[in-house]
Amino acid sequence: MIYLKTKEEVELLRENNLLVSATLAEVGRHIKPGVTTLELDRIAEEFIRSHGAVPGFLGYGGFPNTLCVSVNENVVHGIPSDYALHEGDIVSVDCGTVLKGFYGDSAYTFAVGEVAPEVAQLLKVTKEALKKGVEQAVAGKRVGDISAAVQQHAEQFGYGVVRELVGHGLGRNMHEDPEVPNYGRRGHGPLLKEGMVICIEPMINMGTKSVVFERDGWTVRTKDRKPSAHFEYAVAIRNGEADVLTDFGLIEAALGIG
Ligand code: MG
Ligand code: MG
């Protein structure tokens with residue numbers, strides 16, 4: 001069942017997703033060699049609570065932390081730990097909030113210092129794939145139009161598009177219908193309508209699309225242990241157009257890029 005949102009509900013979702021973006025910006029300011037992923041988690045939790053919200057992932061399905069932090073070959077759902085980031089790592093940080101009864105959810109993959117050129121390209125192309133998907137998120141198109149746009153952009157670079165994990169609707173629940181895969185066929189899938197709010201979140205691997213679910217019950221990593229990137233936007237369909245509720249500009253201003 002797809003819940004369509006009123007204008008007021010979309011604004012509450014925007015408030016949440018801007019808080020997620022601000023949290024990711026705050027995390028980004030602290031990303032450097034030597035910082036542990038658990039320190040990043042603590043920074044995010046304090047930031048979210050100081051803004052009157054609650055971490056959206058903490059306790060969700062039993063998840064133990066505020067952030068999902070996935071380094072290098074880890075795709076998503078990494079558990080913060082005492083691992084200290086190294087120069088040349090990439091780190092996907094996925095963050096959720098709950099405020100005023102609605103969820104925020106978005107993710108950004110950060111480079112730790114200088115990364116190898118092929119890794120920088122993976123980050124760039126994954127972010128581009130997200131934006132190609134957003135261009136299709138307009139009333140009258142279908143979820144498959146988003147999926148195909150993301151897949152086509154990533155695969156032309158020889159990258160693997162993860163199949164096992166997908167984007168989703170967002171609202172009073174973190175995971176609502178419809179599912180938004182990063183692979184698919186144009187003209188197929190649910191019709192996109194005014195008031196839908198979805199998370200588009202390409203998970204793109206440098207090598208094989210195959211992933212392994214680790215024994216910690218959470219972490220998903222690439223089968224070939226090559227790196228993976230993940231960027232996520234929450235997007236509303238408003239006045240027929242894609243209205244991105246996430247603001248990577250906050251993150252990139254904090255990093256001094258973009
Ligand atoms: Mg999501
Ligand atoms: Mg997310």
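Bear in mind these aren't lab numbers, they're just calculated from the coordinates by the rules spelled out. Note that the structure is a prediction, hence the values are computed from the model and not measured. Cβ sites come from the backbone with ideal geometry, for glycine too, and all protein chains shown count toward neighbours.
Points to keep in mind about this one:
- For VAL93, VAL125, order by how many other beta-carbon atoms lie within 10 Å, fewest first: VAL125, VAL93
- Note on the range 7-255: Lys pairs 8 or more places apart or on different chains, Cα atoms under 23 Å apart, count 23.
- Phi-derived couplings, Karplus 6.51 cos²θ - 1.76 cosθ + 1.60 at θ = phi - 60°, listed residue by residue for the range 57-73: 8, 4, x, 6, x, x, 4, x, 9, 7, 10, 9, 10, 10, 9, 6, 6 Hz, with x used for Gly and Pro.
- Residues whose amide H lies under 5 Å from that of LEU245, counting only those 5 or more places away or on a different chain, are ALA234, VAL235, ALA236; hydrogens are built 1.01 Å from N in the peptide plane.
- Cα-centred dipole magnitude for the chain, charges only on beta-carbon of K, R (+1) and D, E (-1), debye, nearest 20: 600
- Spherically averaged projected area of the convex hull of Cα atoms, the chain: 12.2 nm².
- Loop-located trypsin sites (Lys or Arg not before Pro) across the range 57-142 with a Cβ neighbour count of 13 or fewer within 10 Å are LYS100, with loop assigned by DSSP.
- At full extension, HIS51 and LEU255 could sit 71.3 nm farther apart than now, given 0.36 nm per residue minus the alpha carbon distance.
- Backbone amide hydrogens, once placed in the peptide plane, bring MET196 within less than 5 Å of LYS5, ILE237, excluding anything fewer than 5 places away on its chain.
- As a proxy for reagent exposure, ranking LYS226, LYS32 by other Cβ atoms within 10 Å from fewest up yields LYS32, LYS226.
- One decimal place: the segment GLU135-THR208 gains 23.6 nm when fully extended, by the rule 0.36 nm per residue minus the C-alpha distance.
- Exposure proxy ranking, count of Cβ atoms within 10 Å, fewest first, for MET196, MET174: MET174, MET196
- All C-alpha pair distances within the range 120-195, sorted into 5 Å bins from zero, spread as 3, 17, 26, 25, 17, 9, 3, 0 percent across the bins.
- Applying both filters, DSSP loop and at most 14 other Cβ atoms within 10 Å, to the GluC sites (Glu not before Pro) of the range 1-98 gives GLU87.
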